[in-house]
1. Once you have the Cα-Cα distance between B:ASP131 and B:ASP183, take 0.36 nm times their residue separation minus that, and quote the gain in nm to one decimal.
2. List the residues of region A:213-231 whose accessible area drops by at least 40 Å² when all protein chains are present, compared with their chain alone, using a 1.4 Å probe and counting only protein heavy atoms.
3. Probe of 1.4 angstrom, ligands and nucleic acids ignored: what's the accessible area per residue over region B:147-260, in square angstrom?
4. Mind checking the mean number of beta-carbon atoms from other chains within 10 Å of the Cβ atoms in B:107-114?
5. Apply the Karplus parameterisation 6.51 cos²θ - 1.76 cosθ + 1.60, with θ equal to phi minus 60°, to every residue of region A:86-102 and state each ³J(HN,Hα) to the nearest whole Hz, in sequence, with x for glycine and proline.
6. Once amide H atoms are built 1.01 Å from N in the peptide plane, which residues 5 or more positions from A:GLU219, or in another chain, come under 5 Å H to H?
7. Would you kindly calculate the translational diffusion coefficient of region B:182-290, applying Stokes-Einstein with the Kirkwood radius from alpha carbon pairs, for 25 °C and a viscosity of 0.890 mPa s, and quote it in µm² s⁻¹ without decimals?
8. Using the per-residue mean of other Cβ atoms lying within 10 Å as a proxy for protection, in what order, highest first, do the peptides A:103-113, B:266-276 fall?
Amino acid sequence: MKTKFFFQSVIVFAVAVSLLAAQPVMSAEPVVIGVPTSLGFLEGKESLKAVEMAVQEINAKGGVTVAGEKRQLVVVSSDIRDAAPGVPVPEALLGIEKIILEKKPTAIVVGPFRSEALTAAMDLLSKYKTPMIGTIAMSPASEKKVKEDPEKYKYVFRNCLNAVYLVKYLAGTMAAINKEFGFTKVYVMHQDVAWARATADLVKSTYFDKAGWEVLDQEAYPTGASDFSSGLMKARSKGAQVIMPIFDMPQSGVLVKQWKSMNVPALMAGFISPLAGSDAWKTFDAKIGGAVNCNFEMGSAIASDQMTKSVDFLKNYKKAYGKEIQAGHGPAPSYESVYILAEAIDRAGSIDPDALVAQLKKTDRIGVTGRVKFDDGQQAVYGFDPTETAVGVVFQWTEDGKRKIVFPDALAEAKIKLPKGLKSAK
Amino acid sequence: MFLGTMIYALINSAILALMAIGFNLTFGISGVANFAYGAVYILAAYASWLLLNLTGISFWLAAPIAILLSMAFGAGMYRFVLLRVRGQALSEVIATFGIGLAVLELFNYLGLVGFEYTLPVLIDESFMIADTMVDMQRILIVLMAGLLVAGLWAFTHYTRLGLAFRGIAQDERTALTLGMDSDRIAMLAVSFGCGLAAFAACIVIPLGSISPSEGYEVLIKALAVCIIGGLGSTGGVILASFLIGFAERLTDAYISSHWTMIVSLAAILIVLVIKPSGFFGRQKELEERI
């Protein structure tokens, strides 16, 4: 009886000791990463998943090192709904403030969709000293604010393509179209939001006007618009050779369907978010052949064999979630932003916001999107060579349902082909 | 260009009429302003999508099932929620809006968000009409809107149930004295309204994609059409659909698409100022005359 009691006591003691021994590891508070964004939209949903995937990968390797101690990362998210039509900016700001005050994140990634919400949120991020690496909102207005008051707005970084770089990609694509086919008449259709307006205006002033193109019209569509027939008829009647769309709303897929069903004899080349992913072929009943689309970042729904990290990222995402990424904007830089943040924490050995910001500024990382370095507006530099900068991708849907990268030249797999019924002007 | 604009304005009008007619039917008969209407539209679309993609049945079968499910949803909503607040307009609005909100946010929560959520077109062809390419789905929408309006007219004039609908709509108390069960009729009105929303979803959604935010858009459009036409008036709905439908496309074509969204809202404001009960509305006519 006594022996039995003794052995029972030894077992209880051993369990108690092992639990106590494990306590320091278990009690180390995790580093919280906040993801306040529009989770009801594809880009937000897939960006959050990409963030969670990066966090799992980093945690599997032990987490981040803070003051010599390994700590795990944890993700908290909230749906700020700023991308939904009619949701006012103050409501989005409330969502961001709530997650900062209640979850106390060390940093925020992804962030608002609408640039109007981002620029307004910058004061909040400054007030609560919360670093953010944005990966969706694109207006250069936020960089301007950073440059004007670098001390106040030092907490705001952006890792995705911005409107200025998108302009370079679109202008590069248009230059290639002009060179190949001699087209000079363009009809611009864009969403009536800050980043899209800025992009359309900048392509016009920096490329079309200087390169001798005739911009036949520039139509702005409110978010939520779902009938583009009038614009397409105008494009046809004015003799447009190229239609340049700039949209990130789900309804913009209707534009492609109408373009095809109305047989508008013009090349569709620009950015329509629903065209980005592999599923678009099925979604649009195999009727998007010939459309040229810009995916904002390498790895967001498309990969290049020349960049193995982008291929691995898409493969691992599919393995983790059973489905391929469909958003052409957001997931890849969101995934990268977690690594950028983790590396900055490791270098700083601290989660103090000022120390973290100082290390984020020193980022130089080659990842899924290419080489990431921040400029003086704390915007990741994008270019055409992945060994030097981060890169975006312009691809064309082929008539047999494949996506072929056509720009930048360093990554191009094919040249742009005109859809059936459209002839070269050369 | 002008003829093309007119063709697409006609299509737009038919879409608006389809979107609004169920809301109008429910209000006209039961007096219930079903603010869950947009959510039912999206519910039916997702139901069709799920049936198509999970069970593999054809769209021709999935769509009627989705319509029946939506009608059951409407009947259930009336039986278990609205019956308890019947006659209290504000409570009815709050209850239905709350249910709609819950349904739409549930889809967001479930992650049913993405470009792949769409429904197939019924006939995949395009035709040239007056030098304008129009796809068969849009032509079908116009035809079905016409048939639906004609069918509803026949239903309310030549069937026992339809006549009971009209009886309750005209004078609920008198109808009660004649043995008509006003609660049953009101439940059927909400159910039929939901069925019409589902019908609209099944033929309009193939032009675009399914998104929870679309539910709010549909509700706003249905409200705009019904307020302008006069709540409860089928003739008013048709007239208002044409008015807004043509105004939107003409604004697109000859002013700027930037202003299109404002057209229906501006029309509501103008009509409310000049004729608060809408073109053919009756509920405030006496006050207006006074």
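The values are calculated or read from the model by the stated rules, or taken from the named source; none is laboratory data. Just so it is clear, the structure is predicted and the values come from calculations on it, not from any experiment. When we count neighbours, we look across all protein chains shown, and the Cβ atoms used for this are built from the backbone with ideal geometry, even at glycine. Please note that ligands, DNA and RNA were not included when accessible areas were found on the heavy atoms of the full protein model with its side chains. Shrake-Rupley method; radii C 1.70, N 1.55, O 1.52, S 1.80 Å.
1. Values: separation 52, 0.36 × 52 = 18.72 nm, distance 5.19 nm.
Fully extending the segment from B:ASP131 to B:ASP183 adds 13.5 nm.
2. Listed by number, the residues meeting the 40 Å² cut-off are A:PRO222, A:ASP227, A:SER230.
3. Heavy-atom accessible area per residue stands at 40 Å².
4. Details: counts 1, 8, 3, 0, 6, 2, 10, 12.
The mean count of partner-chain Cβ atoms within 10 Å per residue comes to 5.
5. These are the phi-based 3J(HN,Hα) values: x, 7, x, 4, x, 5, 5, 5, 4, x, 5, 5, 4, 5, 5, 6, 8 Hz.
6. A:VAL188, A:MET189, A:HIS190
7. Rounded, D is 159 µm²/s.
8. Working: A:103-113: 26.2, B:266-276: 14.1.
Ranking, from highest mean packing down: A:103-113, B:266-276.
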